[in-house]
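The values are calculated or read from the model by the stated rules, or taken from the named source; none is laboratory data. Given the structure is predicted, the values throughout are model-derived calculations rather than measurements. Neighbour counts run over all protein chains shown; Cβ positions are idealised from the backbone, glycine included.
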Amino acid sequence: MPPTGRPAERRLAAVERALRVLDAFLQVRGDAGTTELARITGINPSTVSRTLSTLVDGAGRLITTGREDMAVVHAQHANIDAQQYLASLGWRRLITFQPADRFWTFQAIEMGIFVMLGALAIAAAVVLLRRRPA
């Protein structure tokens, strides 16, 4: 096909549906269920459910149906600072981190678990190789 000199324009229906679902979350007061979002957006409830199950944030975490998570994603799409946007809605985030003094304890526990798994894998390989006829 020869070039037309105009930019290509394609619409992705799945992306448009996802944005409609995100916008619907901001219209709802309190938590919204799949049926309510389907009514607001005019999208089939099973499609809304599938759309919700595939939405992830920038870190790759699955987004729940909580309004705060949807508001953060909506703010990110609109290039608005998410924390300021949540504050303007009167919301706040409570984030609890592990204290720094627990870091090495957790590292030691994790290392112990992986050493044990490695030892079990080696033991299983030795047992299986010894049973094999020559």
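A quick yes/no check of all residues on (1) touching a strand residue (DSSP E or B) at 6+ places or on another chain (Cβ under 8 Å); (2) β-branched (Val, Ile, Thr); (3) modelled with pLDDT under 70:
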{"site": "Ala18", "(1), (2), (3)": "no, no, no"}
{"site": "Leu37", "(1), (2), (3)": "no, no, no"}
{"site": "Thr41", "(1), (2), (3)": "no, yes, no"}
{"site": "Ser46", "(1), (2), (3)": "no, no, no"}
{"site": "Arg50", "(1), (2), (3)": "no, no, no"}
{"site": "Asp57", "(1), (2), (3)": "no, no, yes"}
{"site": "Phe106", "(1), (2), (3)": "no, no, no"}
{"site": "Ala123", "(1), (2), (3)": "no, no, no"}
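Of note, Arg67 does not satisfy the criterion of being on the phi < 0 side of the Ramachandran plot, out of contact with any Phe, Trp or Tyr (no Cβ under 8 Å at 6 or more places or on another chain) and either of a type outside the set (Phe, Trp, Tyr) or at pLDDT 80 or above (or both).
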